[in-house]
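The values are calculated or read from the model by the stated rules, or taken from the named source; none is laboratory data. Everything numeric in this text was worked out from a predicted model, so none of it was measured. Don't worry about glycine lacking a Cβ; one is built from the backbone with ideal geometry, like all the others, and counts go over all protein chains shown. These accessible areas exclude ligands, DNA and RNA; they are computed on the full protein's heavy atoms, side chains included. Shrake-Rupley method; radii C 1.70, N 1.55, O 1.52, S 1.80 Å.
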Amino acid sequence: MTSYTSRWTIADALKVHADDPTTTMPVIAQNFPTMDESVMIWDTGALRNIHGQTVTFKGWHVIWSLAVDKIDLNNDDIYDEWHSRNDRAYIGYWYSRTGNGADWQWGGRLLNTSADLRPHEWSGGLVMREGTGNVVDMFYTSEADSPINQSVPSVSTGQIFADANGVWFGGFKTTTEMFSADGIHNANSQQDEYFDFRDPHPFVNPADGRVYCLYESNVAGMRGEFTIGSEEQGVLPPGFAVNAGAQYGAASIGIAVLDDGAYKSGDFSTARWTQLDPLVTALGVNDQMERPHIVFRDNLTYLFTISHHSTYSGGLSGPDGVYGFVSENGLFGPYKPLNSSGLVLGNPSSAPYETYSHFVDPDGYVQAFIDTLPAPGEDPNNPENFRIGATLSPTVKIELDGDRTFLSEVHGYGQVYAQAAWPVGNAWDHRPATV
């Protein structure tokens, strides 16, 4: 396979334009509904197959979410609870007959605590195992903050069941580590104590039928010691000087390939993965490219990721939101930034933190969670004016038109659309007395 590392350049990022109506999330009303007042959620994804399609199971829509249980149900401490949520994060799930966002039912914790190799469960994807009736793999990030920063893409396997009253799961009692930052294809803790290595996203590449996995990473090398050369700069305007802080932006989108035959046998262990050169780097531009995911459409390969205003480097600026790249030559590129800049959907400047963790499905529907919304007319950067979200935002749709995207539709809060039904009989499963 021929791998080509593409670059999101400083010149590309200079084209980022906030508040363009074709690439900006709609402003959300501050009286938005919540899905369940007993939990707070953020990164979320729909049950899907290994080809990327959102699927239903026996007529039920299913989503997973990073979650924490509220400590104070009166919300008196919700600001502090929200901003410390990663310290208590676990993966929970929801189910709905309609997927329209109004009737999601909270199912509780997905993984058994026996599966936790580290204290925190962070983002990934819930994927039905092809060739089985009800086997499902939760690819996620096993994370701990001490004694050093640790985050390892991992997988836990279980079974999904459904009856007329809802959905439940079995299994998910153990976890298998997939691969770790190697210091060659991506930065490890010795090179960068703040390194990012998380958010596994497995999929089948239609060009060769093999299973690959995307993940967030950083460029291999010592933090802050990178040279920002002409390939990282792009074509800059006359007189533009690269800011001295640019070398601290070192995000990348990593990729690994699974050995042939390992997917069918459910063997996702470290020895079965080979890490490859990153697909895209943002050296000099940004230090985080989170939740990378892929859409194959119209003979093009679309690569999406999310990033923050706060992780731009070298004086560059852009909104929190989803960014993207497109390749005309398949999975390994080269990629060029969508809309010339890379920005696909950013938050409006009047509500700069309203949504995050956008995920684009194969039909262009985009789900995200509500983070914080300012009171109308108040300073959007003053946290005293915020209403904490911790619930899903309105689903929007984008049109993918070659190397351009356009916001085209706005739908209900937490609305999910499925592209397929999982091929299994509709007979209800027997519900254990303990479920």
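Some notes on this structure:
- Residue in the range 369-381 that is in a loop (DSSP other than H, G, I, E, B), over 25 Å from W106 (Cβ atoms) and at pLDDT 95 or above present: no
- Summed over the range 333-358, residues that are under 14 Å from T24 (Cα atoms), under 17 Å from the mean Cα position of the chain (by Cα) and among the hydroxyl-bearing types (S, T, Y) total 3.
- Restricting D260, D196 to those that are farther than 19 Å from Y312 by Cβ and not aliphatic (A, V, I, L, M) reduces the list to D260.
- Residues that are β-branched (V, I, T), touching a residue at least 60 places away in the same chain (Cβ under 8 Å) and within 30 Å of G209 (Cα to Cα) do not occur anywhere in the range 90-98.
- For Y79, the conditions (1) closer than 30 Å to E384 by Cα; (2) modelled with pLDDT of 95 or more; (3) among the hydroxyl-bearing types (S, T, Y); (4) open to solvent by 30 Å² or more (accessible area, probe 1.4 Å) are fulfilled apart from (2).
Let's see how each residue does on (1) open to solvent by less than 10 Å² (accessible area, probe 1.4 Å); (2) more than 22 Å from the chain's Cα centre (by Cα):
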| position | (1), (2) |
| --- | --- |
| I370 | yes, no |
| A375 | no, yes |
| P380 | no, yes |
| R387 | no, yes |
| L392 | yes, no |
| D403 | no, no |
| L407 | no, no |
| V410 | no, no |
| Y413 | no, no |
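- When R118 is tested against (1) free of Cβ contacts under 8 Å to residues at least 40 places away in the same chain; (2) open to solvent by 50 Å² or more (accessible area, probe 1.4 Å); (3) touching a Ser or Thr at 6+ places or on another chain (Cβ under 7 Å), only condition (2) is not met.
- Of all residues in the range 259-274 being under 27 Å from I306 (Cα atoms) and out of contact with any Phe, Trp or Tyr (no Cβ under 6 Å at 6 or more places or on another chain), the one that is most open to solvent (accessible area, probe 1.4 Å): T274
Yes/no per residue for (1) more than 22 Å from G266 (Cβ to Cβ); (2) crowded, with 16+ Cβ neighbours inside 10 Å:
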site: A162; (1), (2): no, yes
site: F169; (1), (2): no, yes
site: P200; (1), (2): no, yes
site: R223; (1), (2): yes, yes
site: F226; (1), (2): yes, yes
site: G229; (1), (2): yes, no
site: G234; (1), (2): yes, yes
site: G239; (1), (2): yes, no
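- Within the range 369-390, residues that are under 24 Å from Q415 (Cβ atoms) reach partners that are open to solvent by 50 Å² or more (accessible area, probe 1.4 Å) and not basic (K, R) with beta carbons closer than 7 Å, at six or more positions or on different chains, in the pairs D371/Y353; T372/Y353; L373/Q30; R387/Q30; I388/Y79.
- Checklist (1) in a strand (DSSP E or B); (2) of a type in the set (A, V, I, L, M, F, W, C); (3) in contact with a Ser or Thr (Cβ under 6 Å, 6 or more places away or on another chain) applied to V16, failing item: (1)
- Screening the range 246-298 for strands (runs of 3 or more DSSP E) wholly inside it with 1 or more residues that are of a type in the set (D, E, K, R) returns the ranges 273-281, 290-297.
- Among the residues here, T44 qualifies as open to solvent by 10 Å² or more (accessible area, probe 1.4 Å), at pLDDT 95 or above and not in a loop (DSSP other than H, G, I, E, B).
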